[in-house]
Amino acid sequence: MTETQFTPRVFSGIQPSGGLTLGNYLGAMKRFVDMQGADFETIYCMVDLHAITTWQDPAALMHNTRELCAGFIAAGIDPEQSILFNQSQVPEHAQLGWIFNCVARMGWMQRMTQWKDKAGKNQQNASLGLFAYPSLMAADILIYHATHVPVGEDQKQHLELTRDIAIKFNNDFGVDFFPITEPVIEGAATRVMSLRDGSKKMSKSDPSDMSRINMTDDADTIAKKIRKAKTDPDALPSELKGLDDRPEARNLVNIYAALSDKSAAQVLAEVGGKQFGEFKPMLAELAVEKLSPISSEMARLMGDQSEIDRILARGAERAREITAPILRQTYEIVGMVGAGSD
Ligand code: AQP
């Protein structure tokens, strides 16, 4: 079997399951923007089929999808250069997802920590979709033969499963059809933590709004949330080692580093010795400087929702030019349509 050369192609997605957070921005979206350019084709998706694995109010889902699209554009994704769309409008994602449900093993899915965390103690009452989520995510990526997937740290296990599904499919059918995708988990903020609890991920669905910075928060709200963020009484250290066992301090330093495009070590070299009373206003000022232009642009774009709908529809059309032939070839490999028949 000769090794297939795959076009360098980036795919990633964000759930419209609430408003965009600073965690989504630093862990994912900012890096999507960095990867847009000469080296890769870039495809970014609002993964609404994933969002409905937990209950979503229909009007809120529609609003969040449009707002997320506005967020992508405001953050720097060019809808002409990248392909930008919502997942449900490209049916090949769900179609390949079904095939992968028949490739993935129950034991693999049961080991997924996101399933265990989100289903909690009441697994019997969780949706079947939530259980199958990682298999659909593998389809999202592999229906484009994507080679690189930028994500936050929390998605690492799902990307390993994507590789396992690609390997098993290729082995089962004796082909070299799906690429073994590379996760791209980089930067100072691959795991932004809650502002109220340094052991919990910052999340859209956290019941406490004070735990996160929303990309739609105004300057006063951002400053207030940072001022009230949980910290410890010690001054900041000058070296990384001094952040050991100080999760809240580490989190604020990482956020500062990611917003200023520096490493955490560089930031500590500058701010080591300062108390939080001095550092928090510096962080608030930086956060407002970086996030306010994005939130104002999001609000402006949301003023013309028909333009957002047009961008999403055009993105879905362009996406299907890639997904339709790959699904067709998958069906041929599996034996569902004859090779070369119409
Ligand atoms: N706190 C975070 N730090 C760094 N990266 C993060 N991501 C999410 N939270 C953080 C990254 O953002 C991308 C999109 O995530 P998602 O919306 O698909 O789902 P999620 O990871 O489940 O995000 P949330 O905010 O926690 O959503 P809910 O509350 O609905 O479950 C991914 O690349 C993710 O790694």
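I'm trying to understand the selection: among the residues of segment 268-297, which are free of Cβ contacts under 8 Å to residues at least 40 places away in the same chain, open to solvent by less than 30 Å² (accessible area, probe 1.4 Å) and within 28 Å of Ala70 (Cα to Cα)?
Leu286 - this is the single residue of segment 268-297 that is free of Cβ contacts under 8 Å to residues at least 40 places away in the same chain, open to solvent by less than 30 Å² (accessible area, probe 1.4 Å) and within 28 Å of Ala70 (Cα to Cα).
Across segment 151-194, which residue is surrounded by the fewest Cβ atoms within 10 Å (Cβ to Cβ) among those that are away from the ligand (no atom under 16 Å from the Cβ) and outside any helix (DSSP H, G or I)?
Among them, the one singled out is Gly174.
Looking for whichever is among the acidic types (Asp, Glu), over 30 Å from Trp55 (Cβ atoms) and open to solvent by less than 40 Å² (accessible area, probe 1.4 Å) here; the options are Glu239, Glu248. Which one fits?
Among Glu239, Glu248, only Glu248 is among the acidic types (Asp, Glu), over 30 Å from Trp55 (Cβ atoms) and open to solvent by less than 40 Å² (accessible area, probe 1.4 Å).
Given the condition farther than 20 Å from Tyr144 by Cβ and aliphatic (A, V, I, L, M), answer yes or no: does some residue in segment 65-73 qualify?
yes
For the list (1) over 14 Å from Val47 (Cβ atoms); (2) open to solvent by less than 30 Å² (accessible area, probe 1.4 Å); (3) among the charged types (D, E, K, R), I need the number of the one condition that Asp140 fails.
Going through the list (1) over 14 Å from Val47 (Cβ atoms); (2) open to solvent by less than 30 Å² (accessible area, probe 1.4 Å); (3) among the charged types (D, E, K, R), Asp140 breaks only (1).
Can you pull out the residues in segment 50-66 that are assigned to a helix (DSSP H, G or I) and open to solvent by less than 30 Å² (accessible area, probe 1.4 Å)?
His50, Ala51, Asn64, Thr65, listed by residue number.
I'm checking my understanding of the structure. Among residues of segment 195-211 that are part of a helix (DSSP H, G or I) and surrounded by fewer than 19 Cβ atoms within 10 Å (Cβ to Cβ), which one is farthest from the ligand (Cβ to nearest atom)?
Of everything passing the filter in segment 195-211, Met210 is farthest from the ligand (Cβ to nearest atom).
Can you work out which of the residues in segment 140-190 that are within 12 Å of the chain's Cα centre (by Cα) and of a type in the set (Asp, Glu) is nearest to Phe100 (Cα to Cα)?
Ranking the candidates gives Asp154 first.
This table checks each residue for (1) more than 9 Å from the ligand (Cβ to nearest atom); (2) more than 21 Å from Met215 (Cα to Cα); (3) small (Gly, Ala, Ser).
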residue: Val10; (1), (2), (3): yes, yes, no
residue: Gly23; (1), (2), (3): no, no, yes
residue: Ile43; (1), (2), (3): yes, yes, no
residue: Ala60; (1), (2), (3): yes, no, yes
residue: Ile73; (1), (2), (3): yes, no, no
residue: Gly76; (1), (2), (3): yes, no, yes
residue: Gln81; (1), (2), (3): yes, yes, no
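The values are calculated or read from the model by the stated rules, or taken from the named source; none is laboratory data. Keep in mind it's a predicted model, so treat the numbers as computed, not measured. Counting neighbours? That spans all protein chains shown, and the Cβs are built from the backbone with ideal geometry, glycine included. Accessible surface areas use protein heavy atoms only, side chains included; no ligands, DNA or RNA. Shrake-Rupley method; radii C 1.70, N 1.55, O 1.52, S 1.80 Å.
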